[in-house]
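Peer 1: Dumping the structure here so I can ask a few things about it.
The values are calculated or read from the model by the stated rules, or taken from the named source; none is laboratory data. Just so it is clear, the model here is predicted, and its values are computed rather than measured. In this analysis, Cβ positions are derived from the backbone assuming ideal geometry, glycine residues included, and neighbour counts consider all displayed protein chains. With ligands, DNA and RNA removed, areas are computed over all heavy atoms of the protein, side chains included. Shrake-Rupley method; radii C 1.70, N 1.55, O 1.52, S 1.80 Å.
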Amino acid sequence: MGRLLLLVALCLIPTALSHAIPAMRNAKPQLITRVEAINSLKTAVHNDKINCVICSTIVQGINQLISEDEEEDKIDDFLKKACVTLDIEQPHVCNAIIDAFANELYFVVERVIFTPEELCGIFVDDCGTPVNPLKVLWDLTIPGGKPAVKPWPIVKTPKKTQRVLHLSDIHIDRDYTIGAEADCKNDNGKDTYALCCRDYPPTMVEAARANSAIKSPAGKWGSIYNCDLPYRTFEAAMRHISQTHKDLDYIVITGDFEAHDMWDYTKEKTQANIANVTQVLNDNFPNTPIYESIGNHEAVPMDAMAPHNMDEYDTRGPTWLYNTLADAWSKWISPESVKGVQYRASFVEYPSPGLKLISINTVYCSAFNFYIYINQTDPDGTLTWLINELLDSEAKGERVHIISHIPAGDDYCLKGWAHNFYDIVNRFENTIAAQFYGHTHNDHFQVYYEDSNPSGRATHFNFITPSITTYSFNNPAYRIYTIDGGYEGATYTVLDAETYTTDLNDANAKDQEPKWFLEYSTKDAYGLPDLSPASWAALIDRLAVDDDLFTKFHQYYFRSSYEADCVNEPECRQKYVCYLRVAKSFEEDHFCAGFSTL
């Protein structure tokens, strides 16, 4: 999501300082505070500095309003007008985003104090001097006694295999409008957040925009822009999968049903959407077990999942959401697992003898779960619970699959959680057979290394499956794994992964339901002998120097030709390849030190 849009909401933070730091009310700084003056910044500042100037200006304006003893509603009004005047987003979004996040942020900042300098420095590069809460570390006891490392199991002729469908990031937009502007992102250098392919409530500004010609009209089946998926396309996809892939043993879904209009989220809409998506899955896969993990877009406000030890949990906590999911998933999971979902939105199931599937709520590591900033240490004991489950499986000789939404190598995940999770994976490398994530919408992976040394032995890896939604310039996709499993002594390692996609531009042009096709088989496309951590690590090294291989990877990453020239741009290529080595957030400098694609 665009950080500048959330920055407007985040700038609400200093409002609560009126309660925490009374002395601020006596300050009389010389500030640019009125919305009318902000407009001049749009032409006076170079693009590379505009985010910092906007942030500083808005925060300064809030500070002056605080010093003048203005009420919170007037500060909200200032922020809304600033958002509109700076053309950060459509006026409806500017107004709604403040309303959506204000209450949560006021509550948090009364308990966690940030100065304006810290605030701008956190969310805008080279702006302020932050004490960055995104990178707070905390201790977690990880048990010793790690067994001797076993070689990664290489299965050439499995006795039996299982087929597992992986769906992620569905993001259905029920307000998707055929013919609306698909390329609606403002070209203003401010990293404007946009959800396109929909009509927003009319205002004078939007009426003026409506009079201009539509550059890229939204197609019937979806659009390869910052647009979410039309409901008809989701239905068609599920129908296609159920009719085409009749050999599925079970399905995993790694979160995010809601569209990206987080400013308009309500509990009622989310509950209705979960019920509807669950019904579509039941209709198409009536006899296939389905195991899901929670996504950050299920929360209202988005990402807001407080742990039980937070003040006012009874009124602010996500109990309503966890109960909704528990009801929706109860057909596929045991009563004991239902209790786990109701408590921390995590559970354990056994899809096959000898295989434990662990669904873990990684929204507890989200950098935009503001409630977590009050106390980041192991929310609801979730990582401690994970360790205990892994210890149990280690003792029993079980194999474990982990499914979740946010991969720990993404900077969306707080550093403290990511560091501890990385150590857990390495401690239990003999027990964990596979990890499956979503969230990024792209097709990639991350490799873990012994002692966090990228020059050393690769210990593990994760799959990050591409999204069903189009958002972020992607064609829709789903994945099917072939797994060694379903018999006594199975390793439950992934033998191959097939990724399927469709061409929405072709479907729209022909006015026909999207035709899905096999985009690639992982082993064949990348020339891998197996899908062991060592093979994935070697693939990273090959991607760094093989132009054709990198071009193929980059094409798969987006399921389109977006940024097609990246192979010839060293900085762009370096970014993509280096990221594959980083399974621990905010550690790119460490894992990519000395690594070059030049």
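Peer 1: Which of the helices (runs of 4 or more DSSP H) contained wholly in segment 448-564 include at least 3 residues that are out of contact with any Leu (no Cβ under 6 Å at 6 or more places or on another chain) and in contact (Cβ under 8 Å) with a residue 60 or more places away in the chain? Break it down into steps so the answer makes sense when it comes.
Peer 2: On the way: elements: 504-510, 522-526, 533-545, 547-558.
Answer list for segment 448-564: 504-510, 533-545, 547-558.
Peer 1: Return yes when E292 is open to solvent by less than 50 Å² (accessible area, probe 1.4 Å) and touching a residue at least 12 places away in the same chain (Cβ under 8 Å) and no when it is not. Before the answer, list the steps.
Peer 2: Numbers: open to solvent by less than 50 Å² (accessible area, probe 1.4 Å): yes; touching a residue at least 12 places away in the same chain (Cβ under 8 Å): yes.
Criteria met by E292.
Peer 1: Can I ask one more? Within the group F553, F586, which residue is farther than 19 Å from D443 by Cβ and under 26 Å from the mean Cα position of the chain (by Cα)? Before the answer, list the steps.
Peer 2: On the way: F553 fails: farther than 19 Å from D443 by Cβ.
Going through F553, F586 in turn, the sole match is F586.
Peer 1: From the list A194, A213, A207, exactly one residue is aliphatic (A, V, I, L, M), in contact with a Leu (Cβ under 9 Å, 6 or more places away or on another chain) and at pLDDT below 95. Which is it? Break it down into steps so the answer makes sense when it comes.
Peer 2: Numbers: A213 fails: in contact with a Leu (Cβ under 9 Å, 6 or more places away or on another chain); A207 fails: in contact with a Leu (Cβ under 9 Å, 6 or more places away or on another chain).
Within the list A194, A213, A207, the selection yields A194.
Peer 1: When residues of segment 565-595 are filtered for being part of a helix (DSSP H, G or I), surrounded by fewer than 19 Cβ atoms within 10 Å (Cβ to Cβ) and either in contact (Cβ under 8 Å) with a residue 40 or more places away in the chain or not hydrophobic (A, V, I, L, M, F, W, C) (or both), how many remain?
Peer 2: 9
Peer 1: Suppose the filter is modelled with pLDDT under 95 and in contact with a strand residue (DSSP E or B) (Cβ under 8 Å, 6 or more places away or on another chain); does R573 pass it? Steps first, please.
Peer 2: Details: modelled with pLDDT under 95: yes; in contact with a strand residue (DSSP E or B) (Cβ under 8 Å, 6 or more places away or on another chain): no.
Here the answer is no, as R573 does not meet what is asked.
Peer 1: Separate question: Take the conditions crowded, with 20+ Cβ neighbours inside 10 Å, closer than 14 Å to S346 by Cα and at pLDDT 95 or above and apply them to L281. Does it pass? Spell out the reasoning first.
Peer 2: Numbers: crowded, with 20+ Cβ neighbours inside 10 Å: yes; closer than 14 Å to S346 by Cα: no; at pLDDT 95 or above: yes.
So L281 does not fit the description; no.
Peer 1: Select from segment 228-251 the residues that are open to solvent by 10 Å² or more (accessible area, probe 1.4 Å), of a type in the set (S, T, Y) and under 17 Å from D503 (Cβ atoms) and list them in ascending order.
Peer 2: Scanning segment 228-251 gives a single hit, T244.
Peer 1: Across segment 83-95, which residue is nearest to T266 (Cα to Cα) among those that are crowded, with 18+ Cβ neighbours inside 10 Å and either under 22 Å from the mean Cα position of the chain (by Cα) or modelled with pLDDT under 75 (or both)?
Peer 2: V93
Peer 1: Any residue in segment 302-320 that is β-branched (V, I, T), touching a Phe, Trp or Tyr at 6+ places or on another chain (Cβ under 9 Å), surrounded by fewer than 21 Cβ atoms within 10 Å (Cβ to Cβ) and under 30 Å from P201 (Cα atoms)?
Peer 2: As a first pass, look at segment 302-320 and keep what is β-branched (V, I, T): 315, 319.
Retained after the next criterion (residues that are touching a Phe, Trp or Tyr at 6+ places or on another chain (Cβ under 9 Å)): 319.
Narrowing further to those that are surrounded by fewer than 21 Cβ atoms within 10 Å (Cβ to Cβ): 319.
Then keep just the ones that are under 30 Å from P201 (Cα atoms); that gives none.
No; the residues of segment 302-320 include none that is β-branched (V, I, T), touching a Phe, Trp or Tyr at 6+ places or on another chain (Cβ under 9 Å), surrounded by fewer than 21 Cβ atoms within 10 Å (Cβ to Cβ) and under 30 Å from P201 (Cα atoms).
Peer 1: State all residues of segment 421-447 that are in a helix (DSSP H, G or I) and open to solvent by less than 10 Å² (accessible area, probe 1.4 Å); if no residue qualifies, say none.
Peer 2: Taking segment 421-447 first, the residues in a helix (DSSP H, G or I) are 421-427.
Those that are in a helix (DSSP H, G or I) and open to solvent by less than 10 Å² (accessible area, probe 1.4 Å): F421, Y422, I424, V425.
Peer 1: Within segment 368-407, can you find the residues that are in a helix (DSSP H, G or I), hydroxyl-bearing (S, T, Y) and touching a residue at least 40 places away in the same chain (Cβ under 8 Å)? If you could, list the steps in order and put the result at the bottom.
Peer 2: Step one: list which residues in segment 368-407 are in a helix (DSSP H, G or I), which gives 370-374, 379-396.
Checking which are hydroxyl-bearing (S, T, Y) leaves us with 371, 373, 382, 384, 393.
Hits for segment 368-407 are Y371, Y373, T384.
Peer 1: Moving on. Keeping to segment 134-159, report how many residues are open to solvent by less than 60 Å² (accessible area, probe 1.4 Å), β-branched (V, I, T) and within 25 Å of V494 (Cβ to Cβ).
Peer 2: 1
Peer 1: Hey, among the residues in segment 362-391 that are farther than 14 Å from F421 by Cα and of a type in the set (S, T, Y), which one's least open to solvent (accessible area, probe 1.4 Å)?
Peer 2: Within segment 362-391, the match that is least open to solvent (accessible area, probe 1.4 Å) is Y371.
Peer 1: Continuing with the same structure: From the list P514, P454, which one is open to solvent by less than 30 Å² (accessible area, probe 1.4 Å), over 20 Å from D410 (Cβ atoms) and touching a helix residue (DSSP H, G or I) at 6+ places or on another chain (Cβ under 7 Å)? Walk me through how you get there before you give the answer.
Peer 2: Values: P454 fails: over 20 Å from D410 (Cβ atoms).
Only one candidate passes the filter, namely P514.
Peer 1: Would you confirm whether any residue within segment 261-273 is in a loop (DSSP other than H, G, I, E, B) and surrounded by fewer than 18 Cβ atoms within 10 Å (Cβ to Cβ)?
Peer 2: Within segment 261-273, one or more residues are in a loop (DSSP other than H, G, I, E, B) and surrounded by fewer than 18 Cβ atoms within 10 Å (Cβ to Cβ).
Peer 1: What about T522, is it open to solvent by less than 10 Å² (accessible area, probe 1.4 Å) and in contact with a helix residue (DSSP H, G or I) (Cβ under 9 Å, 6 or more places away or on another chain)? If you could, list the steps in order and put the result at the bottom.
Peer 2: Values: open to solvent by less than 10 Å² (accessible area, probe 1.4 Å): yes; in contact with a helix residue (DSSP H, G or I) (Cβ under 9 Å, 6 or more places away or on another chain): no.
When the stated conditions are applied, T522 does not pass them.
Peer 1: Can I ask one more? Report, by residue number, each residue of segment 472-511 that is open to solvent by 20 Å² or more (accessible area, probe 1.4 Å), closer than 18 Å to K552 by Cβ and hydroxyl-bearing (S, T, Y).
Peer 2: Of everything in segment 472-511, just one residue is open to solvent by 20 Å² or more (accessible area, probe 1.4 Å), closer than 18 Å to K552 by Cβ and hydroxyl-bearing (S, T, Y), namely Y500.
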